[in-house]
């Protein structure tokens, strides 16, 4: 029932978006000309179907048809997507030779659309968040993961949570959930205490709308929960580990009368098409952005002593090291006394210009040279420093799978994660990308990077 309502909500939102963009153009004509002049209006009639499709497509890329998102996230998605749509609309008009459609009409129409779509999307968000998302959750995870999940869930409003802790003692889980006004149900050694009928009885008593299973829950308990939830009609949100992501997208195959999953190898380097796209984008970026880069270099020189550029050794494809280029955003010799240290939000080592460069990601522009050299791609997992990479390899199973893909200027962990996102969670984003990468997915990550820059957020 919930899935059916969600599908209808998406259709309603799409219809509303299509009506709003066309109503905004009609209103812009009326405000600009007092009517629909014959020398201009036919140009709009020629391009409006493509503009309507573009609105729905860009909104989909920015996940605006996803029900479970906070209003702040949805607002930034709307703001960025409407900005992108302004340029998409102008480009569509140019390609279709709609020269009689004034650019002032575009500016007015998309300004009106931004206001109307924000109001429309707020109404649908309130309706969906109140009536059509899980209210009662059963969370099976350790303390750290449970806290992380609840903080994310609370962004959409209070939730009633019942928590089973497979690792921590009862008092640790109770202390964790108590301040969040949720009822805690803690079980020590859940892998042994909660199997078979007792676990089924617990699910019946809790009667959850959804079960969230953390990646730190042992395989036996995960399996039992998924089977019981499916048998009782309860949806499951399962945090994947490296093995789950390897199995993702596996094909079925028959050997005689035996059924198998065929799991393709990870990565495989970089396709010729992706390499060509990277070269075109990187070279075009350097040509178009050299005045900006010159101003940045001047600002760095005037702001603090030291070189304009900063280089670091990073780990790339197949674990090979390379030298990464950046605009210097920290004081000179920032790690002289501390050694390699991960940067944090509000790092005191950052210069005044450096804080702006970090927030807007402009310090990464010199890496276009790394892309031209073939050491990086436009989209891919961010390359890590050798000392940190070695530590992550030791602590996080499956971390080396990142080396099967060419690292990128931007990547999934940068657009879906935050500064506080754990390295283990970022790895899941990177492995998912390595397993499902397509040109469309790359385009989506590039567009979402614009939103991340607008929010001045990300990992």
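The values are calculated or read from the model by the stated rules, or taken from the named source; none is laboratory data. Because the structure is a prediction, the values reported are computed rather than measured. Note: ideal-geometry Cβ built from the backbone for every residue, glycine included; neighbour counts use all protein chains shown.
What to note about this one:
- Any chance residue 455 is within 14 Å of the chain's Cα centre (by Cα), more than 23 Å from residue 325 (Cα to Cα), surrounded by fewer than 22 Cβ atoms within 10 Å (Cβ to Cβ) and in contact (Cβ under 8 Å) with a residue 40 or more places away in the chain: yes
- All positions within region 291-306 that are outside any helix (DSSP H, G or I) and closer than 14 Å to residue 326 by Cα: 306
- For residue 371, the conditions (1) assigned to a helix (DSSP H, G or I); (2) farther than 26 Å from residue 307 by Cα; (3) touching a strand residue (DSSP E or B) at 6+ places or on another chain (Cβ under 7 Å) are fulfilled apart from (2).
- Selection count where residues are touching a helix residue (DSSP H, G or I) at 6+ places or on another chain (Cβ under 7 Å), part of a helix (DSSP H, G or I) and within 17 Å of residue 48 (Cβ to Cβ), scope region 83-103: 8
- Among residues of region 201-227, those that are within 17 Å of residue 136 (Cα to Cα) and assigned to a loop (DSSP other than H, G, I, E, B), counted: 4
- Of the numbered criteria (1) without any contact (Cβ under 8 Å) to a residue 60 or more places away in the chain; (2) under 27 Å from residue 147 (Cβ atoms); (3) more than 11 Å from the chain's Cα centre (by Cα), the one residue 414 fails is (3).
- Residue 106 vs. criteria part of a helix (DSSP H, G or I), over 34 Å from the mean Cα position of the chain (by Cα) and surrounded by 14 or more Cβ atoms within 10 Å (Cβ to Cβ): no
- Residue 402 vs. criteria buried (at least 17 other Cβ atoms within 10 Å of the Cβ) and closer than 19 Å to residue 240 by Cα: yes
- Note on region 383-394: residues that are in contact with a helix residue (DSSP H, G or I) (Cβ under 8 Å, 6 or more places away or on another chain) and in a helix (DSSP H, G or I) amount to 3.
- Of 320, 326, 336, all but one fail to be buried (at least 17 other Cβ atoms within 10 Å of the Cβ) and either at pLDDT 80 or above or over 23 Å from the mean Cα position of the chain (by Cα) (or both); the exception is 326.
- Verdict on residue 78 being surrounded by 15 or more Cβ atoms within 10 Å (Cβ to Cβ), assigned to a helix (DSSP H, G or I) and touching a residue at least 12 places away in the same chain (Cβ under 8 Å): yes
- Residue count for region 228-255, restricted to those that are assigned to a strand (DSSP E or B) and within 18 Å of residue 424 (Cα to Cα): 2.
- Among the residues of region 26-70, those identified as assigned to a helix (DSSP H, G or I), surrounded by 15 or more Cβ atoms within 10 Å (Cβ to Cβ) and within 21 Å of the chain's Cα centre (by Cα) are 54, 55, 56, 58, 59, 60, 61.
- Number of positions in region 339-366 that are touching a helix residue (DSSP H, G or I) at 6+ places or on another chain (Cβ under 9 Å) and either modelled with pLDDT of 90 or more or under 17 Å from residue 327 (Cβ atoms) (or both): 17
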